[in-house]
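A short write-up of the structure that comes next.
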Amino acid sequence: MKKLLIVLAMLSLVTVLTVACGSSGGAGSSSNSGTAVHMNSTNFTESSVTISKGSSINLINDAAVTHIISNGSWVNGSARPAVEPGAPMVNNLQFTATGESHPIAPFNTAGTYHLYCSVHQNMNLTVIVQ
């Protein structure tokens, strides 16, 4: 009887650990966090990213500088705010700390969309949705 109780306790512990460590949306799950797009002190580390329709991006500030992200782009040194049909609305999304992140979700329509930082000239991101 004692051995049976020990076996049942061990199986219960294994079950709890399996459920707690499962992959139902943890930090490594791309369905919740989206495609990571990093920003350094003056630029997106990638100028373009391609994602699947219905996916999200997660903007991550890797520098201790302020970024203010909106729909649109820099063109010939001039900021051009523009909301493109089908793009998620991004209006003055502020990043002020290293490691700060914000999801932009979801991109439900195939197409090419543009985001820019109004603080840093020529800091553009193109999001291609397929």
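Read-outs throughout are calculated quantities, based only on the coordinates presented, and are distinct from any laboratory measurement. Owing to the predicted nature of the structure, the values given are computational and were not obtained by experimental measurement. Positions of Cβ are generated from backbone atoms using ideal geometry, with glycine treated the same way; all protein chains shown enter the neighbour counts.
With a Förster radius of 41 Å applied to the beta-carbon distance between E84 and N40, the computed FRET efficiency rounds to 0.95.
When only alpha carbons of segment 31-129 are considered, Rg and Dmax amount to 12.2, 36 Å. Fully extending the segment from T126 to T98, taken as 0.36 nm per residue of separation minus the present Cα-Cα distance, adds 7.8 nm. For N58, the residues whose modelled amide H falls within less than 5 Å of its own, excluding neighbours fewer than 5 places apart on the same chain, are T35, A36, V37, I104.
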